[in-house]
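Step one of this worksheet: look at the structure below.
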Amino acid sequence: MSDQASRLRNLVEERAQEEAKAREIGELYFDVAEDTRVIAITSGKGGVGKTSLAVNLAVGLQLAGQKVMLIDADIGMANVNLLMGSVTNRSLIDLLNDDIELEDVVENGVEGVKYISGVAAIEATLNLNRNEQKKLHKKLSRCSEFANIIIIDTGAGLNRNVIEFILAAEEVLLITTPEPTAHADAYAVIKAYTTYTERRNIKLVINRIREEEEYEDVAEKMNQTTKKFLGISIDYLGYIYDDKAVLEAVHRQEPFITANPKSPAARCVSALVKSLLSGERMGSVSKGWRGFLDRLFGY
């Protein structure tokens, strides 16, 4: 525990120093136009559906009439392009090259979503010096020319790259699942986030639930934990049903919201889109005929 506390203190001090440097030169890291909405999607651990949510939410928002850009910032484990069903030759890190401009790395995805691929190499890092930060800042600031909503798919966990992106974003969606280990890791993200900032713009999405009642139970347990140990309440954006249509779409390398738009998971994402655009809490989503069969046969 002492090692973890020491690490958190060091990160807080480093962040404060970097923000002070940014103020000195009159710019903010990864700044975009004031009317551009920036949403970071993160998770406490891998394998909970973070990138799937990022891709399908981006496509859902595009279908709802928004201009969306998706940035794959999962350094080392990037796979947004795979879920988009495409192969890309350039990535976010290529913007550090002087002869590479933003247009050179922006790809056209499903339903017109613009996206920037990440670096799919386990040895890749994004520990930038100040000159590299300024270069990336200048080029990424033009993302608002392509979109009015920018979604950032961060890595999982609490490494430096993840913390930087979620602190810079105006909105953060934290995705978890009903498993206890996923709860613990999600709580760790919330704890770290509240350590670094007094803002309360993080919202929870619970993936792979079987019934809406399970979502309410998981959400309440998480809220009780954060109230008891952190003294804060967590907002909930909504949930996504456990749905075989998701895995089928992954195998086809296509977002499930377009591969099977009537599936329970797709209708959940559509409800999440509506919630994000309206500012209201996600409404109830029926599982329809499949829900009836599940209840009938005890699944």
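What follows draws every value from the coordinates through simple rules; no lab data is involved. As the structure is a computational prediction, the values presented were derived from the model and not from experiment. Positions of Cβ are generated from backbone atoms using ideal geometry, with glycine treated the same way; all protein chains shown enter the neighbour counts.
What to note about this one:
- Ranking of 227, 67, 262 by count of other Cβ atoms within 10 Å, fewest first: 262, 227, 67
- Of the cross-linked pairs 139/203; 50/262; 244/287; 191/274, those separated by over 23 Å at the C-alpha level are 139/203; 191/274.
- Exposure proxy ranking, count of Cβ atoms within 10 Å, fewest first, for 232, 151: 232, 151
- Taking amide H as placed 1.01 Å from N in the peptide plane, residue 203 has its amide H under 5 Å from the amide H of 172, 173, 174, each at least 5 places away in sequence or on another chain.
- Of the residues 77, 222, 69, the one with the fewest other Cβ atoms within 10 Å heads the list, and the complete ranking is 77, 222, 69.
- Separation of the residue 286 and residue 179 label points, Cα + 7 Å toward Cβ, nm: 3.3 nm
- Peptides ranked, highest mean first, by Cβ atoms within 10 Å: ranges 140-146, 51-57, 277-283: 51-57, 140-146, 277-283
- In summary, the range 38-297 shows an alpha-carbon radius of gyration equal to 0.99 times the 2.2 N^0.38 Å reference for compact globular proteins.
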